[in-house]
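Peer 1: Dumping the structure here so I can ask a few things about it.
The values are calculated or read from the model by the stated rules, or taken from the named source; none is laboratory data. This is a predicted model, so every value here is computed, not measured. All Cβ positions, even for glycine, are placed from backbone atoms using ideal geometry, and neighbour counts span all protein chains on display. We work out accessible area using only protein heavy atoms, side chains counted, and drop any ligands, DNA or RNA first. Shrake-Rupley method; radii C 1.70, N 1.55, O 1.52, S 1.80 Å.
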Amino acid sequence: MFYKKIAVSALALAISGTAFAADFKVGDDYILTGAVASTAQKVQVTEYFGYWCPHCNNFEPLLEQWLEEKADSIEFSRVPVAFSTRSQNQVLAQKAYYVGKQVKLQKSVDSTMFDFYHKYGRLASSFKDIDKIQADPAACTAEVNGLVDRAQKQSAQSNKPFDVASVTAYLNENVCNTDARGWALLKLSKESRGSISNEETLQGVMAIAGVDTENFSKRLESFSMTSAMAAGNKKAEILGIDSVPTLVINDKYRVTSAKGFQHMLDVVEFLIEKEEAEVKK
């Protein structure tokens, strides 16, 4: 009886899963790109992203976990995009990605760039003198307490919940008790106002990531960099990338995060299975 119940439950789940997958509709949950589909043996999944994008930063932990689970069944790659070229910020962020690939320090560059923009870039502006609070732990603690107190009062005036303990712990961990890398990113973020508007700032971020920055300008203007940038931009244009993060499967399907990160990954898994079934035919 016990085994029968398990079998029935498994069948119910299978039917439920199939019904759920069948609800994914072209034009609603994913887009046909119209591009020439990849014919690689493994399904190709490509993330179009930007280090500067807060949604990409929020998606990163979930994506990393998902990739660990899919490591043996797919080929994953990334293409950085720039939607604005008015300032150098997004374009230089693109170049940072290709620098990481060239010097084989991709993980370090990824984490350092995301932290620069979304952790230390957001924190640095709240502190008046980074050197002072680094040198004087008591001064750092006092400034953190002052920030938390002001934030708590503002939240109370707006009738919004505010977790004093969590915010205080976060600030102490990422500011007062941070490591050398954290202090370096805080200072650079403070100087640059959390944006990479020139080559010198990018060089500073890359140095913190552990990249050898000798002849850095030449690297950024090299033929390999120019070629990689041009190829990535052209591919993004062909596939109609208009938001990030976006996942593309075999150059054939485009899935955005408009309905949430988990929904995006659910659709991508459905499309991976769809492509794998096509290969077996």
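Peer 1: So, in the stretch 228-249, how many residues would count as being crowded, with 21+ Cβ neighbours inside 10 Å and touching a His at 6+ places or on another chain (Cβ under 9 Å)?
Peer 2: 2
Peer 1: Next up: Residues to consider are 36, 79; find the one that is of a type in the set (A, V, I, L, M, F, W, C), open to solvent by 60 Å² or more (accessible area, probe 1.4 Å) and more than 22 Å from residue 184 (Cβ to Cβ).
Peer 2: Working: 79 fails: open to solvent by 60 Å² or more (accessible area, probe 1.4 Å).
From the options 36, 79, the qualifying one is 36.
Peer 1: With the requirement that a residue be in contact with a Leu (Cβ under 6 Å, 6 or more places away or on another chain) and open to solvent by 10 Å² or more (accessible area, probe 1.4 Å), what does the stretch 82-114 give you?
Peer 2: Result: 95, single match.
For every residue, the table says whether it meets (1) farther than 20 Å from residue 236 by Cα; (2) modelled with pLDDT of 95 or more; (3) not charged (D, E, K, R).
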| site | (1), (2), (3) |
| --- | --- |
| 46 | no, yes, yes |
| 52 | no, yes, yes |
| 58 | yes, yes, yes |
| 61 | yes, yes, yes |
| 67 | yes, yes, yes |
| 70 | yes, no, no |
| 77 | no, yes, yes |
| 95 | no, yes, no |
| 118 | yes, yes, yes |
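Peer 1: List every residue pair whose Cβ atoms lie under 6 Å apart, where the two residues are 6 or more positions apart in sequence or sit on different chains, the first residue falls within the stretch 33-54 and is touching a residue at least 24 places away in the same chain (Cβ under 8 Å), and the second residue, located anywhere, is part of a loop (DSSP other than H, G, I, E, B) and among the acidic types (Asp, Glu).
Peer 2: Pairs that qualify, where the first residue is touching a residue at least 24 places away in the same chain (Cβ under 8 Å) and the partner is part of a loop (DSSP other than H, G, I, E, B) and among the acidic types (Asp, Glu), are 35/251; 37/251; 38/251.
Peer 1: Which one is surrounded by the most Cβ atoms within 10 Å (Cβ to Cβ), of the residues in the stretch 148-181 that are of a type in the set (Gly, Ala, Ser) and at pLDDT 95 or above?
Peer 2: Of everything passing the filter in the stretch 148-181, 169 is surrounded by the most Cβ atoms within 10 Å (Cβ to Cβ).
Peer 1: Evaluate the stretch 97-105: report whether one residue or more is in contact (Cβ under 8 Å) with a residue 12 or more places away in the chain, touching a strand residue (DSSP E or B) at 6+ places or on another chain (Cβ under 8 Å) and within 27 Å of residue 213 (Cα to Cα).
Peer 2: Yes, the conditions are met somewhere in the stretch 97-105.
Peer 1: Looking at (1) touching a helix residue (DSSP H, G or I) at 6+ places or on another chain (Cβ under 7 Å); (2) closer than 30 Å to residue 140 by Cα; (3) open to solvent by less than 60 Å² (accessible area, probe 1.4 Å), can you tell me which one residue 203 breaks?
Peer 2: (3)
Peer 1: Here is a further query. Of the residues that make up the stretch 58-74, is at least one in contact with a Ser or Thr (Cβ under 9 Å, 6 or more places away or on another chain) and surrounded by fewer than 17 Cβ atoms within 10 Å (Cβ to Cβ)? So that I can check it myself, show each step before the final result.
Peer 2: Keep residues of the stretch 58-74 that are in contact with a Ser or Thr (Cβ under 9 Å, 6 or more places away or on another chain), which gives 59-60.
Still in the running and surrounded by fewer than 17 Cβ atoms within 10 Å (Cβ to Cβ): none.
Among the residues of the stretch 58-74, not one is in contact with a Ser or Thr (Cβ under 9 Å, 6 or more places away or on another chain) and surrounded by fewer than 17 Cβ atoms within 10 Å (Cβ to Cβ), which makes the answer no.
Peer 1: Now for a separate question. If you go through the stretch 220-227 one residue at a time, do you hit one that is crowded, with 20+ Cβ neighbours inside 10 Å and at pLDDT 95 or above?
Peer 2: At the first step, the residues of the stretch 220-227 found to be crowded, with 20+ Cβ neighbours inside 10 Å are none.
No, every residue in the stretch 220-227 fails to be crowded, with 20+ Cβ neighbours inside 10 Å and at pLDDT 95 or above.
Peer 1: Do we find that residue 140 is out of contact with any Pro (no Cβ under 8 Å at 6 or more places or on another chain), open to solvent by less than 70 Å² (accessible area, probe 1.4 Å) and more than 28 Å from residue 90 (Cβ to Cβ) in this structure?
Peer 2: Values: out of contact with any Pro (no Cβ under 8 Å at 6 or more places or on another chain): yes; open to solvent by less than 70 Å² (accessible area, probe 1.4 Å): yes; more than 28 Å from residue 90 (Cβ to Cβ): yes.
In short, yes.
Peer 1: Could you list, in sequence order, all residues of the stretch 33-58 that are farther than 16 Å from residue 261 by Cβ, within 24 Å of the chain's Cα centre (by Cα) and aliphatic (A, V, I, L, M)?
Peer 2: Hit for the stretch 33-58 is 43, nothing else.
Peer 1: All but one of (1) farther than 15 Å from residue 89 by Cβ; (2) more than 21 Å from the chain's Cα centre (by Cα); (3) open to solvent by less than 60 Å² (accessible area, probe 1.4 Å); (4) of a type in the set (S, T, N, Q) hold for residue 198; state the number of the condition that does not hold.
Peer 2: Here residue 198 meets the rest and fails (1).
Peer 1: Also, I was wondering about something else. Please verify whether the stretch 181-198 includes one or more residues that are in contact (Cβ under 8 Å) with a residue 60 or more places away in the chain and over 30 Å from residue 140 (Cα atoms).
Peer 2: No.
Peer 1: Further question on the same structure: Go through the stretch 260-280 residue by residue and tally those that are under 12 Å from residue 62 (Cα atoms) and touching a Leu at 6+ places or on another chain (Cβ under 9 Å).
Peer 2: 4
Peer 1: Is it the case that residue 211 is over 18 Å from residue 51 (Cα atoms), crowded, with 17+ Cβ neighbours inside 10 Å and in contact (Cβ under 8 Å) with a residue 40 or more places away in the chain? Reasoning before the result, please.
Peer 2: Values: over 18 Å from residue 51 (Cα atoms): no; crowded, with 17+ Cβ neighbours inside 10 Å: yes; in contact (Cβ under 8 Å) with a residue 40 or more places away in the chain: yes.
Answer is no for this residue.
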